[in-house]
1. Tabulate in residue order the Karplus-calculated ³J(HN,Hα) for the range 53-69, using 6.51 cos²θ - 1.76 cosθ + 1.60 with θ = phi - 60°, rounded to whole Hz; enter x for Gly and Pro.
2. Amide H to amide H, which residues 5 or more places from R111 or on other chains are under 5 Å from it, using H placed in the peptide plane?
3. Using the Cβ atoms and a cut-off under 9 Å, what net charge is assigned to the surroundings of T73, where Lys and Arg are +1 and Asp and Glu are -1?
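A short reminder: the numbers here are calculations on the coordinates, not readings from a lab. Not measured: the values here are computed from a predicted model. All Cβ positions, even for glycine, are placed from backbone atoms using ideal geometry, and neighbour counts span all protein chains on display.
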Amino acid sequence: MKMTRFIALAFMTMVGVSALQAKDPVNLIPNGATIFIEPNEGFEQYMRAAFQKKEVPLTVVIDKEKADFIMTTTMTRGEKPGWSEAIFLGKRNANEDASVTIIEAKTSAVRFAYSVHKYNAVNGQQSTAESVAKNVKNQVAKTRQ
């Protein structure tokens, strides 16, 4: 019984510490900051459009020298499903995988990293980019600094 209470207390402590770290304003990206999206086989176009659609409060710039932050991306598209996947799994589209890292241009400190896997991605790179943009938006500070 005491061991169960100890484990429960330890778990709640870890969850509480994690929650505090997640709200740390030092790691938030300032509202209104400028960001440059590194070119990556056209995926940067989807990212720019997703930033606008999801109303991410960052200004996307084309000149890397004017950016406060730099986003690097990797994008992998799986093969289109074969006939057996289409029949037995109902899968009609390829999988999409993307990873992004946002670094502060002046210090090279990583401010945000995120990976997404879209199974049977209906809109392909568009839905993958929108998922990334939604999570970037959650990382941006709520007030303009």
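1. 4, 8, 6, 6, x, 10, 9, 7, 10, 8, 8, 4, 5, 9, 8, 7, 9
2. I102, I103, E104
3. -2
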